[in-house]
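One structure below.
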Amino acid sequence: MTTRPTLTLGPLLFNWTADQWTDFYARIADEAVVDRVCLGEVVCSKRLPYYISRISDTIERLQRGGKEVLLSSLALVTLKRERQMSADLAANEEMEIEVNDLTMLAHKECGRRFTVGPLINVYNEGTLAYLAGQGAVRVCLPPELPFTSVELLAGAAKRVGVEAEVWAFGRAPLAISGRCYHARVHGLAKDNCQFVCGEDPDGLKVETLDGEDFLAINGVQTLSYTYCNLLGDICRLSAAGVTSFRLSPHSCDMVAVAQIFRIILDGGVEEEAAVRELAALLPDASFANGFFSTLNQ
Amino acid sequence: MMVGKSQLELVCPAGTPASLRVAVDAGADTVYCGFQDETNARNFPGLNFSPKELGEAVQYAHAKGARVLVAINTFPRAGAVQLWHEAIDTAARCDADAVILADIGLLAYAAEHYPDLRRHLSVQAAAANADAIQFYVQAFGVKRVVLPRILTVAEIAVINTQTSCETEVFVFGGLCVMAEGRCSLSSYATGKSPNMNGVCSPASHVDYHEEDGELVSRLGEFTIDRVSKHEPAPYPTLCKGCFSAGPYRGHVFEDPVSLDAAALLPQLAKAGVTALKIEGRQRSRSYIRDVVSSFRRAVDALASGDPAPAGELRRLSEGQTTTAGAYRKTWR
């Protein structure tokens with residue numbers, strides 16, 4: 001049986017204002033051809049108070065727009081309030097959770113369905129099987145996996161009834177730390193950061209001393225400078241058994257990005273044409289599918 | 001020597017059988033090591049143990065009252081999990097005192113097949129709070145967790161009051177600034193990662209060359225640092241490199257410093273820590289002898305209430321500069 005591949009809009013990783021946040025999801029709800037949307041703060045617990053009051057209305061609006069809504073958990077949990085955030089998320093039995101730190105498994109009642117986010121280390125069949133046994137229904141595989149691993153894990157996922165998803169668009173998450181790099185490069189401490197990460201809606205570019213574009217920092221998170229773009233790999237990924245594709249929100253026209261992916265998933269256009277269309281949409285971005293090409297040697 | 005309950009356990013690195021003997025003789029309570037393959041996070045050429053060498057090393061250590069832990073702490077590659085299972089089988093057969101694991105599939109395998117083999121949670125699992133640690137304790141019977149190098153002493157104290165497992169903390173050597181096991185920076189620059197290949201910023205991808213009177217160090221396709229050609233060039237570990245971000249030019253992630261928490265031993269003991277870990281399986285025997293002896297003296301001094309011998313380790317640290325890292329909150 002062939003099922004229609006789905007599109008997931010991942011959680012917004014950057015620090016946008018509450019109004020930008022609300023407007024972004026309103027447009028997604030009304031116009032974007034995505035099947036599900038992950039909402040919530042993954043990167044920095046200090047950002048959440050700015051938009052937490054808007055979440056329930058946004059969930060409702062997205063659901064009315066026909067989207068499945070998941071709540072995303074924080075990626076790195078160390079403080080008391082962050083542990084409480086995780087516990088509160090688990091206590092909300094009405095919503096499916098995207099688990100981004102295994103702290104969530106300490107709270108989750110056995111058997112309740114959940115999605116495994118791309119920041120969880122699922123590198124092999126044993127880990128996948130364990131998580132499936134705990135209630136995982138979908139796994140977004142880590143972006144650093146080579147294609148051979150994705151292929152094997154998509155097959156293993158199918159055997160245990162789990163949907164395999166890959167990170168298909170957006171700067172790739174590379175690392176998370178207790179230290180805030182945005183604060184550091186602005187000469188500030190994390191506790192008094194003045195939310196300087198809000199100045200960079202897609203992260204702050206890190207260049208080498210020779211002027212090579214290298215990375216992007218987003219508070220405590222480090223991302224690739226390049227935008228991951230697997231449009232050119234859709235066919236072989238689908239053939240390998242990947243059934244869902246993740247788009248990570250950026251300040252570009254995400255409705256249009258989703259549309260390009262949807263058309264190619266429906267077989268409406270050639271891969272090369274879709275790649276050209278996406279490049280036209282983001283004229284300043286550099287694209288890469290490097291984890292697939294460099295590691296799959 | 002038996003370790004009293006109130007005394008901190010000293011856990012020391014051994015990259016080779018000879019280093020292991022040196023560490024044991026210099027006063028290590030416990031030594032950790034790995035096999036000669038990608039199952040461990042220090043998969044460097046010329047390092048690590050064959051199964052036969054591990055068996056002999058365990059015998060040597062046990063005869064002297066020391067323990068041996070085997071690090072099998074990378075994340076098994078899909079389709080090749082057998083290699084990692086065999087590593088656990090071998091550690092159990094060699095009578096190792098514990099295995100240090102990060103991958104939950106491997107933890108499940110070890111708990112099922114070797115329930116009596118002690119399981120320690122590797123720093124690579126990045127279990128950074130009491131709830132996450134309790135998950136590993138309940139699901140896989142983990143007895144000890146090696147804490148990520150991003151926690152403050154106060155946070156470590158809370159973990160010790162709220163979990164039922166021992167904690168081990170890094171006190172000396174290399175310093176990761178990212179949550180370990182959750183960093184693919186090296187992978188992005190070189191295609192080789194700590195999680196998958198057991199290497200970070202590998203020497204095989206390093207290039208040094210002179211340009212305009214400067215010594216340029218590169219990792220993969222990227223310049224990591226530039227120094228005057230009269231200065232010693234730092235090894236281009238990605239997160240210790242010099243970059244620019246906006247108006248800032250410098251060490252965006254971390255200065256080229258290494259960890260020295262020797263001065264914090266009393267606080268760490270008070271925070272309920274069980275064991276102190278020294279990083280550096282790739283280090284020489286003479287380095288191991290000096291560091292282990294120094295920490296032996298420091299731990300013994302602490303146990304007997306004498307003043308700690310401070311600062312003597314500084315000359316051993318990379319770049320001659322050290323930090324107490326995240327243990328002090330201002331680091332963040």
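The values are calculated or read from the model by the stated rules, or taken from the named source; none is laboratory data. Quick caveat, the model's predicted, so the values are computed rather than measured. For neighbour counting, all protein chains shown are included, and Cβ atoms are generated from backbone atoms with ideal geometry for every residue, glycine included.
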Fill in the blank from the handout: Among strands (runs of 3 or more DSSP E) entirely within region B:166-221, at least 1 residues that are within 11 Å of chain A (Cβ to nearest Cβ) and farther than 23 Å from residue B:98 by Cα occur in B:178-183, B:206-211, B:214-219
Exercise for the section: Give me a count of the residues in region B:131-146 that are in a loop (DSSP other than H, G, I, E, B) and within 24 Å of residue B:184 (Cβ to Cβ). Expected result: 0
Handout entry: Flag if residue A:185 is within 8 Å of chain B (Cβ to nearest Cβ) and either in contact (Cβ under 8 Å) with a residue 12 or more places away in the chain or surrounded by fewer than 21 Cβ atoms within 10 Å (Cβ to Cβ) (or both)
Key = yes
Exercise for the section: Kindly indicate whether residue B:305 is at positive phi, within 14 Å of another protein chain (Cβ to nearest Cβ) and surrounded by fewer than 21 Cβ atoms within 10 Å (Cβ to Cβ). Expected result: no
Fill in the blank from the handout: If you go through B:60, B:32, the only one that is of a type in the set (Phe, Trp, Tyr) and surrounded by fewer than 24 Cβ atoms within 10 Å (Cβ to Cβ) is B:60
Fill in the blank from the handout: Within region B:198-216, residues among the hydroxyl-bearing types (Ser, Thr, Tyr) and surrounded by fewer than 21 Cβ atoms within 10 Å (Cβ to Cβ) come out as B:204, B:208
Practice task
Would you point out the residue of region A:236-247, among those that are among the aliphatic types (A, V, I, L, M) and touching a residue at least 40 places away in the same chain (Cβ under 8 Å), that is surrounded by the fewest Cβ atoms within 10 Å (Cβ to Cβ)?
Solution key: A:240
Problem - Qualifying residue in region B:8-21 (condition: within 17 Å of the chain's Cα centre (by Cα) and more than 25 Å from residue B:276 (Cβ to Cβ)) - result: no
Problem - Enumeration of residues in region A:122-142 that are in a loop (DSSP other than H, G, I, E, B) and crowded, with 22+ Cβ neighbours inside 10 Å - result: A:122, A:123, A:124, A:141, A:142
Practice task
Go through (1) touching a Cys at 6+ places or on another chain (Cβ under 6 Å); (2) of a type in the set (D, E, K, R); (3) modelled with pLDDT of 95 or more; (4) more than 17 Å from residue A:246 (Cβ to Cβ) and name the single condition residue A:165 misses.
Solution key: (4)
Handout entry: Of all residues making up region B:283-306, the number that are among the small types (Gly, Ala, Ser) and touching a Leu at 6+ places or on another chain (Cβ under 7 Å)
Key = 2
Exercise for the section: Could you grab me the full set of residues in region B:146-164 that are at pLDDT 95 or above, in contact with a strand residue (DSSP E or B) (Cβ under 9 Å, 6 or more places away or on another chain) and not β-branched (Val, Ile, Thr)? Expected result: B:147, B:160
Fill in the blank from the handout: residue B:160: passes all of (1) of a type outside the set (A, V, I, L, M, F, W, C); (2) touching a residue at least 40 places away in the same chain (Cβ under 8 Å); (3) out of contact with any helix residue (DSSP H, G or I) (no Cβ under 7 Å at 6 or more places or on another chain); (4) within 9 Å of another protein chain (Cβ to nearest Cβ) but (4)
Handout entry: Count - residues of region B:234-282 that are surrounded by 16 or more Cβ atoms within 10 Å (Cβ to Cβ), over 17 Å from the mean Cα position of the chain (by Cα) and small (Gly, Ala, Ser)
Key = 6
Practice task
Using the structure shown, decide if residue A:54 is surrounded by 13 or more Cβ atoms within 10 Å (Cβ to Cβ) and out of contact with any Pro (no Cβ under 6 Å at 6 or more places or on another chain).
Solution key: yes
Exercise for the section: Would you be able to say whether some residue in region A:218-235 is in contact with a Pro (Cβ under 6 Å, 6 or more places away or on another chain), of a type in the set (Gly, Ala, Ser) and at pLDDT 95 or above? Expected result: no
Practice task
Among the residues of region B:146-157, write down those that are over 18 Å from the mean Cα position of the chain (by Cα) and at the interface with chain A (Cβ under 10 Å from one of its Cβ atoms).
Solution key: B:155
Exercise for the section: Give me a count of the residues in region B:100-124 that are within 8 Å of chain A (Cβ to nearest Cβ) and either aromatic (Phe, Trp, Tyr) or crowded, with 20+ Cβ neighbours inside 10 Å (or both). Expected result: 6
Practice task
Please find, within region A:188-235, the residue that is surrounded by the fewest Cβ atoms within 10 Å (Cβ to Cβ) out of those that are more than 7 Å from chain B (Cβ to nearest Cβ), within 14 Å of residue B:332 (Cβ to Cβ) and aliphatic (A, V, I, L, M).
Solution key: A:188
Problem - Condition met for residue B:121 (farther than 14 Å from residue B:273 by Cβ and touching a strand residue (DSSP E or B) at 6+ places or on another chain (Cβ under 8 Å)) - result: yes
Handout entry: Sole exception among (1) more than 12 Å from chain B (Cβ to nearest Cβ); (2) modelled with pLDDT of 95 or more for residue A:94, by number
Key = (2)
Exercise for the section: Please verify whether region B:226-233 includes one or more residues that are part of a strand (DSSP E or B) and in the same structural domain as residue B:153 (by TED's automatic domain parsing). Expected result: no
Exercise for the section: Restricting attention to region B:125-145, report how many residues are within 11 Å of another protein chain (Cβ to nearest Cβ), β-branched (Val, Ile, Thr) and in contact with a strand residue (DSSP E or B) (Cβ under 8 Å, 6 or more places away or on another chain). Expected result: 1
Completion exercise
Checked region A:95-144 for anything within 19 Å of residue B:132 (Cβ to Cβ), in contact with a Gly (Cβ under 9 Å, 6 or more places away or on another chain) and among the small types (Gly, Ala, Ser); matches are A:117, A:135
Exercise for the section: Give B:91, B:14, B:71, B:78 a once-over and let me know the one that is without any contact (Cβ under 8 Å) to a residue 24 or more places away in the chain and surrounded by 23 or more Cβ atoms within 10 Å (Cβ to Cβ). Expected result: B:78
Practice task
Could you tell me whether region A:74-87 includes any residue that is touching a helix residue (DSSP H, G or I) at 6+ places or on another chain (Cβ under 8 Å), under 30 Å from residue A:30 (Cα atoms), more than 10 Å from chain B (Cβ to nearest Cβ) and not in a strand (DSSP E or B)?
Solution key: yes
Problem - Evaluation of residue B:128 against (1) small (Gly, Ala, Ser); (2) closer than 30 Å to residue A:84 by Cα; (3) assigned to a helix (DSSP H, G or I) (one fails), failing number - result: (3)
